[in-house]
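Colleague: Pasting a structure here, questions to come.
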Amino acid sequence: MMKLLASKQTMDNKTETVGDASQPIKPKGKLARPKPCYLWTTADVQKWFKRHCSEYFQLYSHLLIMHDIMGKALVRMTEGTLIRLGIRHPEHVEAIWREILKLRLKADIQEMKEIEMSSIIS
C-alpha cells in the first residue's frame, strides 16, 4: 500500500514533505500544547532530564533508563526514591528533587487550567 505524503511551501518556495497525509499536521509554537508529563515515555523523561538537570545528565541518566522511568513515575518521585535509584550525593538529590517539584507544580497548574476551561465551556 502506498502512503500519500503531504507537502507545504517553505519560506524559500521549496516544497517540504511533512508526513503521512492521513495524519493531521500538528501546529507548532505557542498553539501546540506539550504532552502532559504523566504521558511521557522514557525518551521524554531523558529529554526533560537533559534540559533541566544538565549537570547531572551524564552521571545519572542511565539510572532513569535502567529503571524504565516514565513521566508518571517521575512526577511521583520523592527524595527517597532518588536515593533508592542510586543518586547518593545529597546536593545532587536536592537539585534533581527541586526540578521534579517544579515539573509537578507546572503539571498541576496546567491541569487546573484545563479543568477551569472545561467548566467554562460546559
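Colleague: Looking only at residues that are under 17 Å from Leu101 (Cα atoms) and either within 11 Å of the chain's Cα centre (by Cα) or not small (Gly, Ala, Ser) (or both) in segment 48-61, which one is surrounded by the fewest Cβ atoms within 10 Å (Cβ to Cβ)?
Modeller: Quick first cut of segment 48-61, residues under 17 Å from Leu101 (Cα atoms) only: 48-54, 56.
With the extra rule that they be either within 11 Å of the chain's Cα centre (by Cα) or not small (Gly, Ala, Ser) (or both), the set shrinks to 48-53, 56.
On the way: Trp48: 18, Phe49: 22, Lys50: 13, Arg51: 10, His52: 16, Cys53: 19, Tyr56: 19.
Within segment 48-61, the match that is surrounded by the fewest Cβ atoms within 10 Å (Cβ to Cβ) is Arg51.
Colleague: Going through segment 63-86 one residue at a time, which ones are in contact with an Asp or Glu (Cβ under 9 Å, 6 or more places away or on another chain) and outside any helix (DSSP H, G or I)?
Modeller: Within segment 63-86, Met70 is the sole residue that qualifies.
Colleague: Continuing with this model, one more query. Out of curiosity, is Ser54 modelled with pLDDT under 95 and small (Gly, Ala, Ser)?
Modeller: Numbers: modelled with pLDDT under 95: no; small (Gly, Ala, Ser): yes.
No; evaluated as a whole, the condition is false for this residue.
Colleague: State whether one or more residues within segment 31-47 are open to solvent by less than 100 Å² (accessible area, probe 1.4 Å), farther than 30 Å from Glu111 by Cβ and either of a type in the set (Ser, Thr, Tyr) or at pLDDT 95 or above (or both).
Modeller: no
Colleague: Is there any pair with a first residue in segment 72-94 that is farther than 16 Å from His62 by Cβ and a second that is among the aliphatic types (A, V, I, L, M) and in a loop (DSSP other than H, G, I, E, B) whose Cβ atoms are under 9 Å apart and which are 6 or more apart or on different chains, and what are they?
Modeller: Once the first residue is farther than 16 Å from His62 by Cβ and sits in segment 72-94, its partners that are among the aliphatic types (A, V, I, L, M) and in a loop (DSSP other than H, G, I, E, B) give Met77/Ile69; Val93/Ile87.
Colleague: Continuing with the same structure: All but one of (1) crowded, with 16+ Cβ neighbours inside 10 Å; (2) in contact with a Leu (Cβ under 8 Å, 6 or more places away or on another chain) hold for Gly86; which doesn't?
Modeller: (1)
The values are calculated or read from the model by the stated rules, or taken from the named source; none is laboratory data. Please read all numbers here as calculations on a predicted model, not as lab measurements. In this analysis, Cβ positions are derived from the backbone assuming ideal geometry, glycine residues included, and neighbour counts consider all displayed protein chains. Accessible surface is based on the protein model in full, side chains and every heavy atom, while ligands, DNA and RNA are left aside. Shrake-Rupley method; radii C 1.70, N 1.55, O 1.52, S 1.80 Å.
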